[in-house]
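To keep things clear, I will list the structure first and then write my remarks on it.
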Amino acid sequence: MTADPQNLPVASPIMAEPYRIKTVETLPITTRAHREKAIKEAGYNTFLLHSRDVYIDLLTDSGTNAMSDKQWSAMMSGDEAYAGSVSFDELKDAVEEIYGFPYVVPTHQGRGAEHLISKILIKEGQSVPGNMYFTTTRLHQELAGGTFVDIIVDEAHDPTNQNPFKGNVDLKKLQSLIDQVGPANIAYVNVAVTVNLAGGQPVSMQNLREVSELCRRHEIIVWSDATRLAENAFFIQEREEGYAGKSIREIVKEMMTHFDGCTMSGKKDCLVNIGGFLAMRDPSVFQRACELVVVYEGMPSYGGMAGRDMAAMAQGIHEMVDDDYIAHRIHQIRHLGNQLLAAGVPIVEPIGGHAVFLDAKRFLPHLTQEDLPAQSLAAELYLESGVRAMERGIVSAGRNKATGLNNAPKLELVRLTIPRRVYTDRHMDVVAASVIALYSRRDQIHGMTMVYEPPTLRFFTARFEPMA
Ligand code: PM9
């Protein structure tokens, strides 16, 4: 298998979906009047819309994947034994073969794994450096008594910077944190591959190697949020010297050699609708994880998952490293992003691995960040076309634990997130046309105020009202 379209078995200048459709699901097509009522009832928060009111759902790529015929077959042979499930053995074997970690603890989803590892590795008052925050990851670190420290390269905060590895850790920032607080006060270094909130930006293999070497010199544990690792591997294959001839499978395996373990939301790259895991090399960390998983999730041989879901995830892990699958996935995201760029719509560049991110600050320059431009833009896009997107800006960033003030991230984005193997390139054309239409009347878009704010992870359930 090869990622090079020139070498595909069928010579064609166009790359089509490398699968054919076996089951179809009808999409709801709605009127503007219907959508006006729906978004008002949802408090102008796209998370609170009913999916029956959504035409093309780009809220998230999490748990929205289409499973393959082989995965559905695996579901039927799932072993639902309370203890010692065969499906767990299949999952464990798949993780060991593809990721290279000998110990695996299944969890109900990624944040279940984040909860466990934060409780195991973080002591009150310790720092947890990472390449940009992620909402659930940071919250679990804080709940365990840690403080997140951002050590991503500065370029990640600039939506127009063309650095091919904008997810990289800034080694100087990491070294200076080590010098400042001392290695004993660093719980572990957490490296996400790819970096979701930077726009799905990848980390280079060289950077992973250097971070790992630096951590080992100081005896600091280095962990990965491996949620979108196959997408990261594609960018390494495409952009990093020495990797063009290597398969995604080989690159994924090499990436993981640089870590002591990983958290995984299986709902993304593992091509399933639910599930996650914690994987590691150290038997003592594994033992502690087994002690905790029975308290918070379930027996170590199922964690938070049904046997059939573990079986589907084991199969999905093998499918995620298929070179043709991943090449088309990135192609589809670029198919959308490049149409927007051609029309002058401001997006995060380079186009990332799971989504196209609209830059709300440049899209709506007449709004201040406190006017919640990304929240407003996501609501307007839904009104325009029934396309659902997600705010990834000041609302998602929450409040500073110490000051109570809004965290104001440099990036104020709307994420058009592409589920895996769900939509065709033609759907992407419709999305592009909708965003371009909205951009042509951008000066008519008003800001929002938050009228209900929950205390944590506010973006999920907050409610808003239009300003004008
Ligand atoms: N990401 C996303 O839409 C799910 C909802 S938003 C909180 O992007 C990373 C990099 C993620 C992620 C979820 C999780 C948590 C950890 N790391 O949703 O708990 O993107 O399976 O994973 C979402 P779970």
Practice problem: Using DSSP, restrict attention to beta bridges with both residues in the chain and report what percent are antiparallel, rounded to the nearest 5. | Solution: 65
Self-check item: Computed over region 39-192: relative contact order in percent, which uses C-alpha pairs under 8 Å that are six or more apart
Solution: 17
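If packing is taken as the mean number of other Cβ atoms within 10 Å per residue, what is the order of 129-140, 147-158, highest first?
Numbers: 129-140: 23.6, 147-158: 18.9.
Result, highest mean first: 129-140, 147-158.
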Quiz prompt | Anisotropy class of the chain from Cα gyration tensor, a/c 1.5 cut | solution = rounded
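Per residue, how many Å² of accessible area does region 344-468 show with a 1.4 Å probe? Kindly include the intermediate steps, with their values, before the conclusion.
Numbers: 4550 Å² over 125 residues.
Spelled out: the 1.4 Å probe surface of region 344-468, per residue, equals 36 Å².
Mind ordering 390-402, 407-419 by average Cβ neighbours within 10 Å, highest first? Intermediate results must be reported in sequence, preceding the final value.
Values: 390-402: 19.8, 407-419: 22.5.
Descending packing order for the listed peptides: 407-419, 390-402.
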Quiz prompt | Residue (of Ile317, Phe134, Leu457) at the positive-pole extreme of the chain, dipole from beta-carbon charges | solution = Leu457
Practice problem: Could you order peptides 87-96, 280-289 by the average number of other Cβ atoms within 10 Å of their residues, highest first? | Solution: 87-96, 280-289
Quiz item: How far apart, in nm, are the 7 Å Cα→Cβ label points at Asp69 and Glu238?
Solution: 2.9
Exercise. Distance check, please: which entries in Lys173/Lys268; Lys40/Lys267; Lys70/Lys268; Lys123/Lys166; Lys70/Lys92 exceed 20 angstrom between their Cα atoms?
Key: Lys173/Lys268; Lys40/Lys267; Lys123/Lys166
Self-check item: Label-zone membership for region 413-450, site Asn406, 7 angstrom Cα→C-beta point, backbone N under 13 Å
Solution: 413, 447-450
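Note down the relative contact order for the chain as a percent, whole number, built from C-alpha pairs under 8 angstrom at least six residues apart.
Computed value for the chain: 23 percent relative contact order.
Round to the nearest 0.05 the FRET efficiency obtained for Thr449 and His157 when R0 = 41 Å and r is the Cβ-Cβ distance.
Working: r = 26 Å, r/R0 = 0.63.
E(calc), rounded to 0.05, equals 0.95.
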Quiz item: Could you state the number of Å between the C-alpha centres of region 284-342 and region 131-160?
Solution: 21
Practice problem: First compute the accessible area of the chain with a 1.4 Å probe, then give the percent of it belonging to carbon and sulfur atoms. | Solution: 53
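Calculate for the chain the 222 nm mean residue ellipticity that helices alone would give, adding -39,500 (n - 2.57) per DSSP H run of length 4 or more and normalising by residue count, nearest 500 deg cm²/dmol. Present the calculation step by step, with values, prior to reporting the outcome.
Details: 16 runs with 182 residues, N = 468.
Computed ellipticity for the chain at 222 nm equals -12000 deg cm²/dmol.
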Exercise. State in Å² the accessible area per residue of region 148-231; use a 1.4 Å probe, count heavy atoms of protein chains only, and round to the nearest integer.
Key: 35
Quiz item: Using +1 on the beta carbon of Lys and Arg, -1 on that of Asp and Glu, and nothing else charged, what's the dipole of the chain about the Cα centre, debye to 20?
Solution: 840
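Below 8 Å between Cα atoms, with a sequence gap of 6+, how large is the relative contact order for region 351-468 in percent?
Details: 179 pairs, mean separation 35.5, N = 118.
Relative contact order for region 351-468 comes out at 30 percent.
The values are calculated or read from the model by the stated rules, or taken from the named source; none is laboratory data. Just so it is clear, the model here is predicted, and its values are computed rather than measured. Note that each Cβ is placed from the backbone with ideal geometry, even for glycine, and that neighbours are counted across all protein chains shown. Accessible surface areas use protein heavy atoms only, side chains included; no ligands, DNA or RNA. Shrake-Rupley method; radii C 1.70, N 1.55, O 1.52, S 1.80 Å.
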